[in-house]
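Undergrad: Below is a structure I'd like to ask you about.
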């Protein structure tokens, strides 16, 4: 159902079964997939590419130009995967010439007043709780959860399955599979609740716990700790991902408790 009180540019491409509620505004360079619902007062700007069966709630701002001084009007996009929900008054900005796009994966939940800045990359199944915000060129892996009011510094990377406690200030990279909290942000153990919900076995969670125990608690510097892990833990996809993530960090990773 397309309300007669909505404003939709005739050049916008809307799929089958799209619903647009009264007073929503949709610009011309927009693509919206089948079955998506656009709530009253939402504004979908040029460059938006929205997947199937998404829900965009009232007052959300989708694909507005970046809040970044280097942006000079270049054509960029904001891409949202299928089955993602964007709640009230969230603001999601499109990319700049740095990366050309901001991307949000499938099955994500971005709650009220969330902010996603230019050129960010969010994996699938990401949850950003109300009033959390990420600065430009931040990368969130699959299954990342940011608690309410979390603020993430520009260029930070957060690995798959990481959980960040509410109100955290994230200035350094956060490795995968862990919980992080306190100020300054610190490792608080593996994300055992989230991992169990996603089918990780007790044996696998024990392996992850022992790897991070070796990294954070043995008194070794980062390089020596990774060498110890490589020498003393069998090769698994999870072990190798942790090592690759930490070695690839340009900002450095958070500390142990």
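The values are calculated or read from the model by the stated rules, or taken from the named source; none is laboratory data. The structure displayed is predicted, hence computed values, not measured ones. Note that each Cβ is placed from the backbone with ideal geometry, even for glycine, and that neighbours are counted across all protein chains shown.
Undergrad: State whether the residues of the range 148-160 include one that is within 16 Å of the chain's Cα centre (by Cα), within 18 Å of residue 256 (Cβ to Cβ) and not in a loop (DSSP other than H, G, I, E, B).
TA: The answer is yes; a qualifying residue exists.
Undergrad: Give the residues of the range 115-136 that are in contact with a strand residue (DSSP E or B) (Cβ under 8 Å, 6 or more places away or on another chain), touching a residue at least 24 places away in the same chain (Cβ under 8 Å) and surrounded by fewer than 24 Cβ atoms within 10 Å (Cβ to Cβ), sorted by residue number.
TA: Scanning the range 115-136 gives 115, 117, 123, 129.
Undergrad: Let me ask you something else. So which residues in the range 95-109 are over 9 Å from the mean Cα position of the chain (by Cα) and either closer than 15 Å to residue 145 by Cβ or not in a loop (DSSP other than H, G, I, E, B) (or both), if there are any at all? Step through it out loud before you land on a result.
TA: At the first step, the residues of the range 95-109 found to be over 9 Å from the mean Cα position of the chain (by Cα) are 95-102, 106-107, 109.
Correct list: 101, 102, 107, 109.
Undergrad: Related question: Here is a list of conditions, (1) surrounded by fewer than 16 Cβ atoms within 10 Å (Cβ to Cβ); (2) assigned by TED's automatic domain parsing to the domain that holds residue 96; (3) without any contact (Cβ under 8 Å) to a residue 24 or more places away in the chain, and residue 2 meets all of them except one; can you say which number that is?
TA: (2)
Undergrad: Kindly evaluate residue 115 against the criterion of being more than 14 Å from residue 185 (Cβ to Cβ), touching a helix residue (DSSP H, G or I) at 6+ places or on another chain (Cβ under 7 Å) and at pLDDT 95 or above. Steps first, answer last, please.
TA: Working: more than 14 Å from residue 185 (Cβ to Cβ): yes; touching a helix residue (DSSP H, G or I) at 6+ places or on another chain (Cβ under 7 Å): no; at pLDDT 95 or above: yes.
Judged against the criteria, residue 115 is not a match.
Undergrad: Regarding residue 174, is this residue modelled with pLDDT of 95 or more, buried (at least 24 other Cβ atoms within 10 Å of the Cβ) and under 24 Å from residue 240 (Cα atoms)?
TA: Details: modelled with pLDDT of 95 or more: yes; buried (at least 24 other Cβ atoms within 10 Å of the Cβ): yes; under 24 Å from residue 240 (Cα atoms): yes.
The answer is yes for residue 174.
To keep it simple, each residue is scored yes or no on (1) crowded, with 18+ Cβ neighbours inside 10 Å; (2) at pLDDT 95 or above; (3) touching a helix residue (DSSP H, G or I) at 6+ places or on another chain (Cβ under 7 Å).
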site	(1), (2), (3)
170	yes, yes, no
186	no, yes, no
195	yes, yes, yes
202	no, yes, no
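Undergrad: Let me ask something else. Considering only the range 216-227, state which residues are free of Cβ contacts under 8 Å to residues at least 40 places away in the same chain and either surrounded by 15 or more Cβ atoms within 10 Å (Cβ to Cβ) or assigned to a loop (DSSP other than H, G, I, E, B) (or both). It would help to see each step written out before you state the result.
TA: As a first pass, look at the range 216-227 and keep what is free of Cβ contacts under 8 Å to residues at least 40 places away in the same chain: 217-227.
Matches in the range 216-227: 218, 219, 220, 221, 225, 226.
Undergrad: Can I ask one more? Among the residues of the range 37-49, is there at least one that is surrounded by fewer than 22 Cβ atoms within 10 Å (Cβ to Cβ), over 22 Å from the mean Cα position of the chain (by Cα) and on the phi > 0 side of the Ramachandran plot?
TA: For the range 37-49, residues surrounded by fewer than 22 Cβ atoms within 10 Å (Cβ to Cβ), over 22 Å from the mean Cα position of the chain (by Cα) and on the phi > 0 side of the Ramachandran plot: present.
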